[in-house]
Structures are given as structure tokens and as C-alpha cells.
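Chemist: One structure coming up, written as C-alpha cells, with questions to follow.
The values are calculated or read from the model by the stated rules, or taken from the named source; none is laboratory data. Since the model is a prediction, treat every value here as computed from it, not as a measurement. Glycine gets a Cβ as well: all are built from the backbone with ideal geometry, and neighbour counts include every protein chain shown.
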């Protein structure tokens with residue numbers, strides 16, 4: 001069953017939650033990071049659900065795949081920046097690990113949705 005709206009997609013819902021989490025954790029970053037790592041992390045996190053929504057709205061599988069790949073790239077950007085933040089001591093290891101689990105789950109779902117779209121096989125669950 002094809003999702004009527006991008007809002008029906010579990011990966012969109014999870015990536016919205018991730019963006020909210022990123023905003024919450026970056027509030028505690030040092031003030032000097034306001035226009036540096038904090039802003040970059042926020043932009044990358046917001047880009048994930050935005051690309052999923054835009055790709056879904058384009059109305060073609062080809063375009064949706066392109067935007068899903070863009071979202072996946074932003075997801076990996078978030079993971080890398082979170083690693084940097086953790087290395088700098090801006091995040092606790094526990095917080096970094098929890099967010100990393102979330103990004104890995106979104107990546108798995110994105111890959112599964114890409115495979116499904118490319119092969120035309122129906123999914124057993126909503127992605």
C-alpha cells in the first residue's frame with residue numbers, strides 16, 4: 001500500500017523526532033558553537049525529514065529515490081557531527097549512543113524503502 005502522505009511514513013516520523021532531539025541536545029552546546037557545529041547539526045537534521053517529504057511530493061519513484069538518498073546523506077552527516085560533538089565532550093556517551101541508535105534505525109528503514117521502490121516489491125510494514 002502506497003503512503004497517501006509523507007506524514008504516514010514511519011521514516012519521516014522518526015526523522016522528525018530525531019530533528020527535535022538534535023535541537024534539544026544542541027541547546028547545551030557551548031555558546032561559541034551557536035553558529036558552528038550546533039547550527040550545522042540542526043540544518044542536517046532538519047534536512048532529513050524535509051527531503052523525505054519533498055521527494056514523496058514529487059510524485060514519481062525516481063524523484064522519491066533521489067530525495068531519499070539525499071536524506072540518507074544528511075543522516076550520515078548528522079552521525080558524523082554527533083561523533084565530533086561527543087569527541088569534544090558536548091554530548092555524554094549515553095546521549096550520543098541513544099541518538100546513534102535512532103540514526104541507524106532511520107538508515108535501515110531508508111535503505112529498505114529504497115530497495116522496495118527500486119524493485120517494486122511491496123513492503124510488509126510501513127517504512
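Chemist: Quick one: which of 39, 17, 45 is within 13 Å of residue 106 (Cα to Cα) and surrounded by fewer than 16 Cβ atoms within 10 Å (Cβ to Cβ)?
Modeler: 17
Chemist: Quick check on segment 113-127: of everything there that is touching a helix residue (DSSP H, G or I) at 6+ places or on another chain (Cβ under 9 Å) and modelled with pLDDT of 90 or more, which residue is surrounded by the fewest Cβ atoms within 10 Å (Cβ to Cβ)?
Modeler: Once the filter is applied, the top-ranked residue is 118.
Chemist: Output the number of residues of segment 73-102 satisfying the condition of being free of Cβ contacts under 8 Å to residues at least 40 places away in the same chain and touching a helix residue (DSSP H, G or I) at 6+ places or on another chain (Cβ under 7 Å).
Modeler: Of the residues in segment 73-102, 7 are free of Cβ contacts under 8 Å to residues at least 40 places away in the same chain and touching a helix residue (DSSP H, G or I) at 6+ places or on another chain (Cβ under 7 Å).
Chemist: Given (1) on the phi < 0 side of the Ramachandran plot; (2) at pLDDT below 95; (3) surrounded by fewer than 17 Cβ atoms within 10 Å (Cβ to Cβ), identify the lone condition not met by residue 59.
Modeler: (1)
Chemist: While we're here: Name the residues in segment 25-70 that are under 21 Å from residue 100 (Cβ atoms), in contact (Cβ under 8 Å) with a residue 24 or more places away in the chain and not in a helix (DSSP H, G or I), would you?
Modeler: 28, 29
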